[in-house]
Amino acid sequence: MQALPHLEDLSLARSFTVLGVQVKCIQLHVFCDASSSGYGACAYVRVAYDDCVKCSLVIGKSRVAPLKGVTVPRFELTAAVLAAKLGTMVCRELDYELSMVVYWTDATVVLRYLNNTTSRFQTFVANRLELLHSLTSVRQRRYVPTAVNPADVASRGLSPEKVNSADMWFYGPKFLRECESQWPEQPDFMEGLEEVTSNAMCAFSTAWNDGLVRRARIRTAHGSVDRDIRKVCLLEGVRDTVHLIKTGEISGILLCTSILLHLCLLHA
């Protein structure tokens, strides 16, 4: 509360364009970000003139993280949905003829989700991807480094005494005032997916084969497989899979599939 008086000195221009100056083109750029504290999105109008480029904050929204624990990748996906809805609303309400609408995120996992059209996802992810595909297109999605993502302010917050110096929040990142060739380079969003799939299949194959080998050895030694011994095999297989997750060789979401495979071994 003691810092609130700092907001008295805050002032913003009411017009997005310079009156009396010929405009070359107007673009809309929407950024999103998420953290363990919350998630948010912000939209900027980029107005290009003959000799300069002017960017202005149009609207920003932030949401506090729910009490129920949600993973950061899911927060990032939810933030992307918020940005898509925000951008759609701004496009509808602005009287400008926009030459380009771009949605920026620093979460490569979201961009990989959106560029992956072959995999099946859990309901939470699938529903939000369907909404994103209906509101945005592939060419509109871009990656922005975290250091120059203004939506970081929306997801983490900003104290009142720092608001006046938050130029990136009010005017967007500096690269927006440069030509498009100076914008952040776009990584290969699908890079590494085949490798992850390959590692996962190897892990499952190893777990499956190891389980069969253990069962075969037990059958040979004892003539039959005791249920308690099968449980030991299951736990060992899950332990091996958790180790692969910790070392980064497979993703955590594949643990459930591995457990199901071992359950098949247990009841076979």
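Just so it is clear, none of the values below were taken in a lab; they were calculated from the coordinates. As the structure is a prediction and not an experimental result, all values here were calculated from the model. Note that we place each Cβ from the backbone using ideal geometry, even for glycine, and neighbour counts take in every protein chain shown.
If one computes the Cα centroid of the stretch 111-148 and of the stretch 156-188, what distance in Å separates the two points?
Between the Cα centre of the stretch 111-148 and that of the stretch 156-188, the gap is 22 Å.
How long is the gain from A166 to E8 if the chain were fully straight, where each residue apart is worth 0.36 nm and the alpha carbon distance is subtracted?
Here the segment from A166 to E8 would lengthen by 55.4 nm.
Based on the Cβ-Cβ distance from S119 to D50, what FRET efficiency comes out when R0 is 51 Å, to the nearest 0.05?
0.65
For the stretch 111-151, state which trypsin sites (Lys or Arg not before Pro) are in a DSSP loop and have at most 10 other beta carbons lying within 10 Å of their beta carbon.
R120
Taking loop as defined by DSSP and a crowding limit of 14 other beta carbons within 10 Å, which trypsin sites (Lys or Arg not before Pro) in the stretch 12-61 fit?
Taking the stretch 12-61 and a limit of 14 other Cβ atoms within 10 Å, the loop trypsin sites (Lys or Arg not before Pro) found are R14, K24.
Quickly work out the D188-to-A126 label distance, labels modelled 7 Å from Cα along the C-beta direction, and quote it in nm with one decimal.
Placing both labels 7 Å along Cα→Cβ, they lie 2.9 nm apart.
Any chance you could run the full-extension gain for T88 through S37? It's 0.36 nm times the residue separation minus the Cα-Cα distance, nm to one decimal.
15.8 nm
Please identify the GluC sites (Glu not before Pro) of the stretch 89-172 that satisfy two criteria: DSSP loop assignment and at most 10 other Cβ atoms within 10 Å. Which are they?
Details: sites: E93, E97, E130, E161; in loops: E97.
Qualifying residues, ordered by number: E97.
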